[in-house]
Every structure is written in structure tokens, then in C-alpha cells.
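Visitor: Sharing a structure here in C-alpha cells format.
The values are calculated or read from the model by the stated rules, or taken from the named source; none is laboratory data. Just so it is clear, the structure is predicted and the values come from calculations on it, not from any experiment. No Cβ is skipped: glycine too gets one built from the backbone with ideal geometry, and neighbour counts run over all protein chains shown. Each accessible area value is taken on the protein alone, full model and side chains, heavy atoms only, with ligands, DNA and RNA left out. Shrake-Rupley method; radii C 1.70, N 1.55, O 1.52, S 1.80 Å.
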Amino acid sequence: MRRSIVLAALLVLLTCTSCALGLLQLPGSKSDDDNLSLMLLGILALQPAGPRYEFQETTVTPTTANANYYGAGITGYSVVVSGSTVGPFNPSEIFQAEQNHAVSNAYIDFQQRVDSSGWFFSRNAPLSASAQNGSTFHLYGATPNLYTSIATTATASSTQTLNFAIIAPSNSLPMTYRRIRALIPASSEESNFSPDSTTVNYKLRGMSKVWSTEKRLNVNLIFISGSNPAASTTGIAEAITRMTDLYTQNTVRIRPVISSTTIVLPSYLTLTSLSTDTTATGSLGGLMVNTASAQRADALNIIFVKNETAVGGVLGISTGIPGLPGRVGTRQSGMVVMFDGHLASAGAVPSSAEQRLIGETMAHEGGHWLGLFHPVESNYDTTQNNYNRDAISETPLCTAAGVGLAACDFTAVNNAGSRNVMFWAGTAGFDQSDLTGEQGFVLRRHPLAY
Ligand SMILES: [Zn+2]
């Protein structure tokens, strides 16, 4: 989530495997002309025409009980699912699970195991204390051991088996488990990427990376009719340009390929709940289910609504970190931008500065949906643990009181970071352009990047 924040105030706001070469083959160029074929292989290497991934969906029943998994007296039930080998040389995978339980303070959780090294918790993002759905992305960063308490972890030189134990609070309800695995292999540059560990100035750390190839990402804009007078690709052209500039910078080099549609859905102009635990009218979950016809399975779906009344001041929200690609109409099938949250005057045509902020929200929530966390959460000044930071070794860890935009605008590890696109708060006029090379590494390995 991303919320608006005034610079001096402490409003509390909450909130890919790589590119391979596709080969162009001409009709009739076969084994009777090997020289021509070889020449074509050598010369006519193109980017893939679109993302390539496999999607698996299974209904399972959790069985193994841990009597006190969620705390005293709240049982957790698990099912172990096998992934594939892990490490930067292998495809990335996104895992998502749902169970329609109604147990308080119990949510879908993922435990991750790297072969023979024992279990550890992976950082997933339940959207509420009783979340019915959850997701996780492997790898989070180039140094995934940031989330492990064990010494051994997946590295570039190791290929270890990845298993998940998905924990749910009920064994009387089925659980839907989905796995999306990239089929485009990592490039050599991505496989061998090393985070910046030497730049002293944390405003610059990780910012000198230049990825040598440009990848692409389908971005599908869905405008709810009446959300704003400027609700069209031409109306928010400056916002689209801002998002494109952020994603095509040297540290990322992913070009959004934009498509758009407008749908009439008046009951979702204002979101009254930002939960995906429900599909009730006006809820975030309901919005995702009811815009299925406008969504694309092979794209980041960005849905534009007028506003929200659930929290106040929210600029945008992703339905998961990461969301669920490869399937439309699920409760985690996209992200949302609230027009009015960006505007000095609700319902007005956004100014250039406001469009710039909208573009940054698109990039920020898109970053969440693709797997990036906030470098630190808004409470990192008082709660410094792995669950309140990202797994990106390059991003600073601001501990300044309040974790505000101004307080985190310096150059040391503990007072920098608010210029990052993924900072937890933003406001019009405060440029947030930074994505590090390692954040780019995560985005480039997403199954939809091609
Ligand atoms: Zn956020």
C-alpha cells in the first residue's frame, strides 16, 4: 500500500527470471539448408513476443496439525508442496494459496525449506490478521539468506530443492494452491548479478547498475467509468510516462507495454474495504473478481477507481506481495490506484505534479504486485526485524523517528531511503525515482517479464 504523507507531518500511512532470446524461423528453412539456418540462429535473435510461464492449480486438504501454530490454542494445518530447484540460475516461482476460513488471527502462511537445511519462514504478506489468501515469491532478492536464520541458502552455485509448507487454520476446508513458474530462463547477466555492497552513500548504493538488455512487461489499465475526467490513457499520459521512466531506468530496464479498457461498474467507484478476505460489493476483493472480463492473465492489471473510504489517504494498493499473475478474476489479480488520493481537489483533472505522483503510485504498487516490499515499513524505527524490511541488501534501513519522507532523505544506511519508489509513503512534489539494481533483479525475474 502507499499513502499520502505531508513532509513535515507524521501521518501514519500504511501501506523474473530473465530474458531469453526467441528465434525467428522462416518457413521452409530446414535441414536442407543448414548454413542458412545457422545464419538465422546467429542473426535473427529477437525478444520473446510475450511472457512464458506455466500455471498449476491444485485443491489440497491440509492435514498435519500444529496445535499452537498461531498462538496458544489456535491450530495450524499444513500441506507440503514441492517446488523446483532454486537459485539465480533457475526459473523464479510465485506461490499463492487460498482457504475460505473464518478463523481470527490465523492466516495462510508459507514455510520454506531449502533442502536438508531445515525450515525457515519466508516473508509473505497476509493482508489482514485473518487473511484467507497469501502469496510468496522466490527469489525475493539476490541474497535470499536475509530471511533465513540458517547459514546455508540458495546461491548462484547451488541448486537446492525448494519445498513449501503452506499453513492454514482449518483441515475441514479445502485449500486452493497455485504455482506460477517462469519458463524464460535467466540471462547470464541476471544469474551472475551481485548486489552493490561497497558504495558508502546510501542514496547511490545500487544505483549505478546498468542492465545491458531491455525487457518488457504488459501493463493493462482498467478505468472504472466516472473515476476521474482524465480516466483514459491520453488523459493520464504524463502518469504513464512517469511509470515508464521509472521502469526503464538503467537499474531496471523493463518497458511497460500498455493496453487499456474502460468498464462501467458504479458500485466500485469508491472502495469501502481494502480487504481481499471478502468479495462483498465495494471491497478490494470484489473489485478484482468483478473486473475479470477486463483483466489480462499475462499483464499487470492496474484498476483506477475514484477513492476509498476504508482508511483515508491511500494512494494505491496491491492485492498481494506478490500478486497472482497468470489468472484473471482472483482476489489477487491486480492493483488499484485511487484518483482522489492524489488530488488537491477531489474529482479534478490531475495537474502535472499530480500525474507524476499517480505514475509513481503505479510504479510502487506495481512493484509490490511484482514482488517488491517497502525497504522498511513505517514502524521500522521501533520494530527492527526481518518482517519489517525488504530482502534487498542494497536498500537503506531508515530508523529515523517516524520513518518519514524528510527524516529518511539523507545518505547513511539508517537515514536514507525515502527517494526510493518503494518507500512506504509519498506526496506530490517529492520525487521518488530510485530503484536499485537488485530491485531491478527481482522485477526482471518475474514470470511476466519478457
Ligand atoms: Zn506500498
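Visitor: If you go through the stretch 276-293 one residue at a time, do you hit one that is away from the ligand (no atom under 16 Å from the Cβ), surrounded by fewer than 24 Cβ atoms within 10 Å (Cβ to Cβ) and farther than 22 Å from Gln132 by Cα?
Guide: Scanning the stretch 276-293 turns up at least one residue that is away from the ligand (no atom under 16 Å from the Cβ), surrounded by fewer than 24 Cβ atoms within 10 Å (Cβ to Cβ) and farther than 22 Å from Gln132 by Cα.
Visitor: Shifting gears a bit: Which residues, taken from the stretch 215-231, are open to solvent by 40 Å² or more (accessible area, probe 1.4 Å) and in a loop (DSSP other than H, G, I, E, B)?
Guide: Initial filter on the stretch 215-231 (open to solvent by 40 Å² or more (accessible area, probe 1.4 Å)): 216, 225-226, 229.
Ser225, Gly226, Pro229, listed by residue number.
Visitor: Could you identify the single residue in Ser158, Ser122 that is modelled with pLDDT under 70, open to solvent by less than 30 Å² (accessible area, probe 1.4 Å), out of contact with any Pro (no Cβ under 6 Å at 6 or more places or on another chain) and closer than 24 Å to Tyr70 by Cβ? Show your work before the answer.
Guide: Details: Ser158 fails: closer than 24 Å to Tyr70 by Cβ.
The match here is Ser122.
Visitor: Only residues that are among the polar types (S, T, N, Q) and within 23 Å of the chain's Cα centre (by Cα): list them for the stretch 241-271, please. Outline the logic, then answer.
Guide: Residues of the stretch 241-271 that are among the polar types (S, T, N, Q), as a first pass: 241, 244, 248-251, 259-262, 267, 270.
If the condition is that a residue be among the polar types (S, T, N, Q) and within 23 Å of the chain's Cα centre (by Cα), then Thr241, Thr244, Thr248, Gln249, Asn250, Thr251, Ser259, Ser260, Thr261 are the ones that fit.
Visitor: Now for a different question. Taking the options Gly402, Gly429, Gly417, name whichever one is in contact with a helix residue (DSSP H, G or I) (Cβ under 8 Å, 6 or more places away or on another chain) and not hydrophobic (A, V, I, L, M, F, W, C).
Guide: Details: Gly402 fails: in contact with a helix residue (DSSP H, G or I) (Cβ under 8 Å, 6 or more places away or on another chain); Gly417 fails: in contact with a helix residue (DSSP H, G or I) (Cβ under 8 Å, 6 or more places away or on another chain).
Of the residues listed, the single one that is in contact with a helix residue (DSSP H, G or I) (Cβ under 8 Å, 6 or more places away or on another chain) and not hydrophobic (A, V, I, L, M, F, W, C) is Gly429.
Visitor: Among the residues of the stretch 358-379, write down those that are away from the ligand (no atom under 12 Å from the Cβ) and open to solvent by 10 Å² or more (accessible area, probe 1.4 Å).
Guide: Asn379
Visitor: Also, I was wondering about something else. Which number in (1) more than 13 Å from the chain's Cα centre (by Cα); (2) of a type outside the set (D, E, K, R); (3) within 18 Å of Met243 (Cβ to Cβ) marks the one condition that Val442 misses?
Guide: For Val442, the exception is condition (1).
Visitor: Taking the stretch 303-321, which residues are assigned to a strand (DSSP E or B) and within 14 Å of the ligand (Cβ to nearest atom)?
Guide: Step one: list which residues in the stretch 303-321 are assigned to a strand (DSSP E or B), which gives 303-305, 307-308, 314-318.
Passing the criteria: Val314, Leu315, Gly316, Ile317, Ser318.
Visitor: Just one of the numbered conditions (1) open to solvent by 10 Å² or more (accessible area, probe 1.4 Å); (2) at pLDDT 95 or above; (3) within 14 Å of Tyr202 (Cα to Cα) is not true of Thr382; which one?
Guide: (3)
Visitor: Would you point out the residue of the stretch 421-437, among those that are touching a Lys or Arg at 6+ places or on another chain (Cβ under 8 Å) and open to solvent by less than 10 Å² (accessible area, probe 1.4 Å), that is farthest from Ala142 (Cα to Cα)?
Guide: From the stretch 421-437, those touching a Lys or Arg at 6+ places or on another chain (Cβ under 8 Å) are 424-426, 428, 431-434, 436-437; that's our starting set.
With the extra rule that they be open to solvent by less than 10 Å² (accessible area, probe 1.4 Å), the set shrinks to 424-426, 432, 436-437.
Values: Trp424: 22, Ala425: 25, Gly426: 27, Gln432: 23, Thr436: 12, Gly437: 10 Å.
Checking each candidate, the answer is Gly426.
Visitor: Going through Pro350, Pro396 one at a time, which residue ends up being under 18 Å from Glu238 (Cβ atoms), in a loop (DSSP other than H, G, I, E, B) and at pLDDT 95 or above? Spell out the reasoning first.
Guide: On the way: Pro396 fails: under 18 Å from Glu238 (Cβ atoms).
The unique qualifying residue is Pro350.
Visitor: May I pose another question? Of the conditions (1) surrounded by fewer than 20 Cβ atoms within 10 Å (Cβ to Cβ); (2) part of a strand (DSSP E or B); (3) out of contact with any Asp or Glu (no Cβ under 9 Å at 6 or more places or on another chain), Arg255 satisfies every one except a single condition; which number is it?
Guide: The single condition Arg255 does not satisfy is (3).
Visitor: Quick one: which residue in Gly334, Gly312, Gly329, Gly316 is surrounded by fewer than 24 Cβ atoms within 10 Å (Cβ to Cβ) and in contact with a helix residue (DSSP H, G or I) (Cβ under 7 Å, 6 or more places away or on another chain)? Please lay out each step first, then the result.
Guide: On the way: Gly334 fails: surrounded by fewer than 24 Cβ atoms within 10 Å (Cβ to Cβ); Gly312 fails: in contact with a helix residue (DSSP H, G or I) (Cβ under 7 Å, 6 or more places away or on another chain); Gly316 fails: surrounded by fewer than 24 Cβ atoms within 10 Å (Cβ to Cβ).
So the residue among Gly334, Gly312, Gly329, Gly316 that is surrounded by fewer than 24 Cβ atoms within 10 Å (Cβ to Cβ) and in contact with a helix residue (DSSP H, G or I) (Cβ under 7 Å, 6 or more places away or on another chain) is Gly329.
Visitor: If I filter the stretch 327-340 for residues that are part of a loop (DSSP other than H, G, I, E, B), within 13 Å of the ligand (Cβ to nearest atom) and closer than 30 Å to Tyr202 by Cα, do I get at least one hit?
Guide: First, the residues of the stretch 327-340 that are part of a loop (DSSP other than H, G, I, E, B): 327-334, 339.
Then keep just the ones that are within 13 Å of the ligand (Cβ to nearest atom); that gives none.
Within the stretch 327-340, none of the residues are part of a loop (DSSP other than H, G, I, E, B), within 13 Å of the ligand (Cβ to nearest atom) and closer than 30 Å to Tyr202 by Cα.
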